[in-house]
């Protein structure tokens, strides 16, 4: 029995060591509620509407936050800098699923699971686009300022290198 306890202790130490070296994959699973349709009027002023949506989000019932890719769409592979509608059109070419407001809502409900590495970024959920009463297009973003906050980012807003699109690999 004493040998077995020593064996377990050794395995535990190895597992902790591997986790510290990134050999063991981290997991933070968040369930996404698609039954409750995201209603922009709950979060936005009257006159706002849902404008465009990455329909592949409907396939996602849950996501592992550590499997998300945070892609910087400011530059194409050719090095061209993109803004506004041109930037958004480029994100639509991704094979990955551009996460939407339902994913953001699920993540906000589970803030303690959000990776600390995200704190220096503005995470764009541009899988759902909204239009205000004047016709201007925008999407929701998640950012850290002493705790997690959500804001709208208009297509006309200047964006910087720390603004990334949250995408999930299409299985």
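The values are calculated or read from the model by the stated rules, or taken from the named source; none is laboratory data. Quick caveat, the model's predicted, so the values are computed rather than measured. Virtual Cβ from ideal backbone geometry, glycine too; neighbours counted across all protein chains shown.
Here are some conditions: (1) outside any strand (DSSP E or B); (2) surrounded by 12 or more Cβ atoms within 10 Å (Cβ to Cβ); (3) at pLDDT 80 or above. Residue 93 meets all but one. Which one does it not meet?
(2)
Of the conditions (1) surrounded by 14 or more Cβ atoms within 10 Å (Cβ to Cβ); (2) outside any loop (DSSP other than H, G, I, E, B), residue 112 clears all except one; give me its number.
Evaluating residue 112 over (1) surrounded by 14 or more Cβ atoms within 10 Å (Cβ to Cβ); (2) outside any loop (DSSP other than H, G, I, E, B) leaves (1) as the failure.
Which condition number in (1) more than 20 Å from residue 39 (Cβ to Cβ); (2) in contact (Cβ under 8 Å) with a residue 60 or more places away in the chain; (3) surrounded by 16 or more Cβ atoms within 10 Å (Cβ to Cβ) is the one that residue 85 fails?
Every condition holds for residue 85 apart from (3).
Can you find a residue that is buried (at least 20 other Cβ atoms within 10 Å of the Cβ), in a helix (DSSP H, G or I) and at pLDDT 85 or above anywhere in region 130-151?
no
Say whether the condition of being assigned to a helix (DSSP H, G or I) and surrounded by fewer than 16 Cβ atoms within 10 Å (Cβ to Cβ) is met by at least one residue in region 66-81. Before you say what the answer is, go through the steps one by one.
The initial filter retains those residues of region 66-81 that are assigned to a helix (DSSP H, G or I), namely 66-67.
Going one step further and asking which of them are surrounded by fewer than 16 Cβ atoms within 10 Å (Cβ to Cβ), we end up with 66-67.
Looking through region 66-81, at least one residue is assigned to a helix (DSSP H, G or I) and surrounded by fewer than 16 Cβ atoms within 10 Å (Cβ to Cβ).
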